[in-house]
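This report concerns only the one structure given below.
The values are calculated or read from the model by the stated rules, or taken from the named source; none is laboratory data. Because the structure is a prediction, the values reported are computed rather than measured. Each accessible area value is taken on the protein alone, full model and side chains, heavy atoms only, with ligands, DNA and RNA left out. Shrake-Rupley method; radii C 1.70, N 1.55, O 1.52, S 1.80 Å.
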Amino acid sequence: MTKLRCPACSQLIQKNQKECPKCAISLVLSEDHSEFLLAENTCSQCKSANPPEFRFCGKCGNKLTQYCPKCGDEGPLQIKFCGKCGATFVDPAKKQRDQSPTFEKPQSLPPRVLVVDDEPYITKLLKHLLEMEGLEVFVATHVKEALTLIEKEKPSLVITDMMMPDLSGYDLIRELRKNPETVNIKIIMLT
């Protein structure tokens, strides 16, 4: 029987196999049966197979996307939750290992993060990066605003600057640790 190379790890595999025995990636044969393609990460533009960690096609540079298995909405690969229906995208590599269904219904809302900094470019950058990871992000420009948002939104993590014009990040931490309702919030000092 003819053998073809796995596009992820280059292992030689028989044509009738559906999964690479070495890296456990799901495979499909190309239309002309001349090569294996990755089942989960095929470029929609040039149909080239890409390893699961690729976010852009290695052949044509096209941005790789994923489709929500629940509602069919398209989104970038780094998004963890469907923006339309809230279903959780499953990492293709993890899916292959676990043999889990194509999506999982989220048990709760995405984790909430409060970013506290008086520099708008810092808050904008952090908000963008954290939202790409599927987190819900709130922004405060000073400590008093942060305390109001914490009471209202109940974040599980606070990322705070140390030096701010009114009160410092240390003052914010002291306030959070005094209150029994906020004592367990995780805090990262960004300075």
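Applying the Karplus relation 6.51 cos²θ - 1.76 cosθ + 1.60 with θ = phi - 60° to region 132-144 yields 3J(HN,Hα) values of 5, 8, x, 8, 8, 10, 10, 10, 10, 9, 8, 5, 4 Hz, where x marks Gly and Pro. Which of rounded, prolate or oblate describes region 128-191 when judged by the alpha-carbon gyration tensor and an a/c cut-off of 1.5? Because a/c hits 1.5 or more and a/b fails to exceed b/c, region 128-191 counts as oblate. Scanning residues 5 or more positions from Glu19 or on other chains, those with amide H under 5 Å from its amide H are Leu27, with H placed 1.01 Å from N in the peptide plane. Based on protein heavy atoms only, region 145-191 ends up with 64 Å² per residue of surface accessible to a 1.4 Å probe.
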